[in-house]
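Engineer: Please find one structure pasted underneath; my questions will follow.
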Amino acid sequence: MSSHNHGSHHEPAHSHGHGHVDEDMLSVEQAYERVMARFQTLEFEEKALLDCMGQVLAEDIKSPLALPPLANSGMDGYALRHSDIVGASHENPKNLEVIGIVAAGHMPNRTVGPGTAIRIMTGAPIPDGADTVVPFEETDEVERKREGKPLDNVAVFADMPTGCNVRPAGEDISEGTLVLERGIIVRAAEIGVIASLGMDSIKVIRRPIVAVLATGDELETAGTPLSDGKIYDSNSFSVAASIADAGGIPKILGIARDSLTDLTTKLEATSGCDLVVTSAGVSKGDYDIVKDVLNQKGEMNFWSVRMRPAKPLAFGQLNDLEGRIIPLMGLPGNPVSAMVAFEMFARPAIRIMLGKKEKPRPMVGGVLTGAIKNEDGRRVYARVEVEFKDGEYRATPTGPQGSNILTSMSKANGLAICPEDLAGKDAGEQVQIIMLDWNEEVQI
């Protein structure tokens with residue numbers, strides 16, 4: 001497995017003296033491979049050019065025209081025949097008759113013949129007969145203007161090489177050329193190139209619609225009064241924001257109560273989605289209601305993954321009302337666990353659907369400034385704040401690492417890995433870090 005080999009391959013059959021290892025647990029790699037095997041690139045859509053930022057191009061773009069379409073001037077100056085200025089210098093000026101002017105966006109209406117020149121602006125088409133452009137400063141134009149003389153003649157003081165300051169037609173792109181290949185990600189530069197070809201819409205791999213459903217009687221929606229014994233639902237928001245950040249379109253379905261009817265109804269709203277992400281109800285100690293409904297509505301596997309946080313994970317498929325099969329990922333309910341599980345399994349799945357190449361977050365080696373404990377033989381993803389100091393990356397754990405402490409995730413810009421076969425990592429030890437984002441303080 002290539003890109004998600006975060007940490008050690010070693011999967012211990014026993015605990016080396018630091019807690020019990022569940023033999024039924026999957027390694028992170030095993031879980032990753034099982035999940036990714038179920039996803040493929042989605043179909044394309046045609047969209048307005050500016051709406052395609054960050055999406056994958058689904059067609060080869062060939063140029064319907066040459067760019068530039070005509071030979072044009074690279075300077076403000078005079079378009080002329082090189083043969084008329086051979087040997088020109090201040091001591092030996094060459095005088096030419098000025099027979100017209102051509103500005104950018106306009107076509108010349110005269111042909112340059114022997115002993116004549118046309119005053120030309122940058123970007124304007126080169127008149128027939130001309131093969132060279134001499135900039136104003138190599139002529140007596142400034143003096144003529146200062147003395148109030150008409151610009152019906154010009155003296156040229158420099159023997160510029162043939163073709164000087166002439167941009168050939170098709171210099172950037174010739175007609176029929178393959179300009180952009182399918183499979184690339186559309187960025188601002190690509191949008192500019194496509195617009196320069198006169199196209200205002202393109203085909204791109206569509207963004208997946210990902211349904212988000214939180215479960216639990218204890219949850220209240222943000223913006224409503226908080227009753228006794230309740231907590232606000234943060235998972236819907238952090239997961240939906242993570243979906244948008246990964247390039248998907250989040251569809252928040254709200255909160256499903258711990259009742260068969262409510263959960264069933266809420267899951268019916270997933271029709272037409274490409275992935276459903278639920279949070280809570282997948283652990284061993286949870287109510288079986290989520291598991292029951294998911295099993296009734298599709299085919300589910302409930303796994304323990306040898307990682308901390310985010311040990312419980314459900315994965316399988318839902319059958320929607322139209323008979324479509326939709327992949328479903330059940331994240332743990334603890335807020336940090338939900339975010340870490342999303343990072344490791346849902347984000348790469350969304351990238352596959354977007355047609356993007358498998359590309360993990362950047363990883364760096366750094367020095368720990370505080371200890372990471374590993375009590376039960378799982379791979380630990382510790383939330384850390386990474387900074388570049390004195391020529392090295394330093395990773396500082398962001399306070400208590402309980403999977404319910406969401407602020408520890410908010411302060412982190414990386415996940416430091418303690419492999420499953422180690423009892424921990426001490427301050428001063430080297431550690432591999434998955435960078436969740438690069439902020440201004442971190443140099444890449």
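Engineer: Nearest 500 deg cm²/dmol is fine: what mean residue ellipticity at 222 nm does the chain get from its DSSP H runs of n ≥ 4 alone, each adding -39,500 (n - 2.57), divided by its residue count?
Structural biologist: -4500 deg cm²/dmol
Engineer: While we're looking at this one, here's another question. Where Rh is the Kirkwood radius over the Cα pairs of the stretch 258-411, the temperature 20 °C and the viscosity 1.002 mPa s, what D in µm²/s does Stokes-Einstein return?
Structural biologist: D = 124 µm²/s.
Engineer: What does the convex hull of the Cα atoms of the stretch 168-233 come to per residue, in Å³, rounded to a whole number?
Structural biologist: Working: hull volume 9.4 nm³, N = 66.
Normalising the Cα hull of the stretch 168-233 by residue number yields 143 Å³.
Engineer: Using only the alpha-carbon atoms, what does the stretch 74-201 span along each of its principal axes? Please give whole angstrom values in decreasing order.
Structural biologist: 59, 28, 24
Engineer: Moving on to the next point. With every protein chain left in place and a probe of 1.4 Å, what is the accessible surface of THR162, to the nearest 10 Å²?
Structural biologist: Spelled out: THR162, probe radius 1.4 Å, area about 90 Å².
Engineer: For ARG206, ARG324, what's the largest-to-smallest order of accessible area, 1.4 Å probe?
Structural biologist: ARG324, ARG206
Engineer: Would you compute the Debye intensity of the stretch 198-249 from its alpha-carbon atoms alone, equal scatterers and no solvent, and pass along log10 I(q)/I(0) at q = 0.17, 0.18, 0.20 Å⁻¹ to two decimals?
Structural biologist: -0.65, -0.69, -0.77
Engineer: For the chain, with every protein chain kept in place, what is the accessible area per residue (1.4 Å probe, Å²)?
Structural biologist: Dividing the accessible area of the chain by its residue count gives 46 Å².
Engineer: Given H placed on each backbone N at 1.01 Å, which residues far from ASP217 in sequence or on other chains put an amide H within less than 5 Å of it?
Structural biologist: Long-range HN contacts for ASP217: ASP258.
Engineer: Quote the relative contact order of the chain in percent (integer), defining contacts as alpha-carbon pairs under 8 Å separated by 6+ residues.
Structural biologist: 17 percent
Engineer: A further question on this structure: How charged is the neighbourhood of ILE243? Take every other residue with its Cβ under 15 Å from the Cβ of ILE243, and add Lys/Arg as +1 and Asp/Glu as -1.
Structural biologist: Once positives and negatives cancel, what remains is +3.
Engineer: First compute the accessible area of the stretch 317-418 with a 1.4 Å probe, then give the percent of it belonging to carbon and sulfur atoms.
Structural biologist: Whole-percent figure for carbon plus sulfur exposure: 50.
Engineer: If amide H atoms are built 1.01 Å from N in the plane of the peptide, which residues on other chains or at least 5 residues away come under 5 Å of the amide H of ILE249?
Structural biologist: ILE209, VAL210
Engineer: Here's something else I'd like to know. Could you work out the pair-distance distribution P(r) of the stretch 357-436 from its alpha-carbon pairs, with 10 angstrom bin width and percents rounded to whole numbers?
Structural biologist: 21, 52, 25, 2
Engineer: With a point put 7 Å past each Cα toward its Cβ, work out how far ASP376 is from ASP128 in nm, to one decimal.
Structural biologist: 8.6 nm
Engineer: Over the alpha-carbon set of the stretch 303-378, work out the extent along each principal axis and list the three values in angstrom, largest first.
Structural biologist: Rounded to whole Å, the extents work out to 53, 29, 19 Å.
Engineer: Please list the helices of the chain that count as membrane-span-like by this rule: a mean Kyte-Doolittle hydropathy of at least 0.5 together with Cα atoms stretching 18 Å or more along the helix axis, each helix being a complete DSSP H run.
Structural biologist: Span-like helices in the chain: none at all.
Engineer: Next up: Once neighbouring chains are kept in place and the probe is 1.4 Å, which whole percent of the accessible area of the stretch 95-147 is contributed by carbon and sulfur?
Structural biologist: 47 percent
Engineer: Round to a whole number: what % of the accessible area of the stretch 220-306 belongs to carbon and sulfur, probe 1.4 Å? The partial results should precede the final answer.
Structural biologist: Working: 2130 of 4050 Å².
That fraction is 53 percent.
Engineer: Hey, got the dipole for the stretch 199-280? About the Cα centre, +1 on K and R Cβ, -1 on D and E Cβ, debye to the nearest 20?
Structural biologist: Around 420 debye, computed over the stretch 199-280.
Engineer: Can you list residues from other chains, or at least 5 along the same chain, whose modelled amide H is less than 5 Å from the amide H of ASN95?
Structural biologist: Amide H to amide H, under 5 Å and 5 or more residues apart or across chains, ASN95 pairs with VAL156.
Engineer: Under 10 Å, Cα contacts only: if you run a Gaussian network model on the chain, which one of ILE173, ILE205, ILE185 comes out with the highest mean-square fluctuation?
Structural biologist: ILE173
Engineer: Rank these residues by their accessible area, most exposed first, probe 1.4 Å: TRP303, TRP438.
Structural biologist: TRP438, TRP303
Engineer: Now for a different question. For the stretch 128-133, take each phi angle, set θ = phi - 60°, evaluate the Karplus expression 6.51 cos²θ - 1.76 cosθ + 1.60, and give the result in whole Hz per residue in order, putting x for glycine and proline.
Structural biologist: Values, residue by residue: 4, x, 8, 9, 8, 10 Hz.
Engineer: Return the Cα extents of the stretch 32-78 along principal axes one, two and three, sorted largest first, each rounded to a whole Å.
Structural biologist: Sorted largest first, the three principal extents are 68, 21, 18 Å.
Engineer: How much accessible surface area, in Å² rounded to 10, belongs to the heavy atoms of HIS82 with a 1.4 Å probe?
Structural biologist: About 40 Å², ignoring ligands and nucleic acids.
Engineer: Shifting gears a bit: Using θ = phi - 60° and the Karplus relation 6.51 cos²θ - 1.76 cosθ + 1.60, list the HN-Hα couplings for the stretch 414-428 in order, rounded to whole Hz, with x at every Gly or Pro.
Structural biologist: Values per residue, Gly and Pro as x: x, 10, 8, 9, 10, x, 5, 8, 10, 7, x, 10, 8, 4, x Hz.
Engineer: Using only the Cα atoms, what convex hull volume per residue in Å³ does the stretch 174-325 have?
Structural biologist: Values: hull volume 27.1 nm³, N = 152.
Convex hull of Cα atoms, per residue: 178 Å³.
Engineer: A follow-up question, please. Just the projected area, averaged over all directions, of the convex hull on the alpha carbon atoms of the chain: how many nm²?
Structural biologist: Dividing the Cα hull surface by four gives the mean projection, 31.9 nm².
Engineer: Keeping all protein chains in place and using 1.4 angstrom, which order do PHE136, PHE44, PHE315, PHE388 fall into by accessible surface area, from largest down?
Structural biologist: Reading off the accessible areas and sorting them downward yields PHE44, PHE388, PHE136, PHE315.
Engineer: Shifting gears a bit: Consider a paramagnetic label point 7 Å from the Cα of HIS106 along Cα→Cβ; state which residues of the stretch 114-143 have an amide N under 11 Å from it.
Structural biologist: Of the residues in the stretch 114-143, 119-121 have backbone N under 11 Å from the label point off HIS106.
The values are calculated or read from the model by the stated rules, or taken from the named source; none is laboratory data. Everything numeric in this text was worked out from a predicted model, so none of it was measured. Backbone-built Cβ (ideal geometry, glycine too); neighbour counts: all protein chains shown. In case anyone asks, the SASA skips ligands and DNA or RNA and just uses the protein heavy atoms, side chains included. Shrake-Rupley method; radii C 1.70, N 1.55, O 1.52, S 1.80 Å.
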